[in-house]
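The values are calculated or read from the model by the stated rules, or taken from the named source; none is laboratory data. Please read these numbers as outputs of a predicted model, since none were measured by experiment. Cβ sites come from the backbone with ideal geometry, for glycine too, and all protein chains shown count toward neighbours.
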Amino acid sequence: MKSKIKQVKRNIWYVGSPFIQHSHDYHDVRHTCLYAETYDGKTIDINEADVLAFFGRQRFSDNLVEELNGLFHNKWVECEVNEDSDLCLKGKISDYLP
């Protein structure tokens, strides 16, 4: 299925247990998600490891997310449904970027 990307975003959130909230031995677990929003209202997951490898980086920055947003804006991409029933980018990021 093809979709046209409107913008690329990255979310960061932390998950912890209320039972161990006051313990100094346990910390919340950090989760991240890189995704594209399309003009037709879909959300397409983008593999973060693939993006880091493509750009030769080890970590994400706000500048990298903004660069991805500019590179993918108004670009047509193929997406597929993964085993969790989420839409994800089909193929590698290098298939879509110069």
Subset of the range 35-67 (residues that are out of contact with any helix residue (DSSP H, G or I) (no Cβ under 6 Å at 6 or more places or on another chain) and charged (D, E, K, R)):
Glu37, Asp40, Lys42, Asp45, Glu48, Arg57, Arg59, Asp62, Glu66, Glu67
So how many residues does the range 43-69 have that are surrounded by 16 or more Cβ atoms within 10 Å (Cβ to Cβ) and part of a loop (DSSP other than H, G, I, E, B)?
1
Taking the criterion of being touching a residue at least 12 places away in the same chain (Cβ under 8 Å), aromatic (Phe, Trp, Tyr) and surrounded by 14 or more Cβ atoms within 10 Å (Cβ to Cβ), would at least one residue in the range 75-87 satisfy it?
no
Going by what's in this entry, would Tyr26 be described as surrounded by fewer than 14 Cβ atoms within 10 Å (Cβ to Cβ) and not in a strand (DSSP E or B)?
yes
For Thr32, work out the one condition from (1) in contact with a helix residue (DSSP H, G or I) (Cβ under 7 Å, 6 or more places away or on another chain); (2) more than 18 Å from Asn11 (Cβ to Cβ) it doesn't fulfil.
(2)
Any residue in the range 49-64 that is over 13 Å from Arg10 (Cβ atoms), under 13 Å from the mean Cα position of the chain (by Cα), modelled with pLDDT under 95 and acidic (Asp, Glu)?
no
Looking only at the range 65-78, decide whether some residue is modelled with pLDDT of 95 or more and touching a Cys at 6+ places or on another chain (Cβ under 9 Å).
no
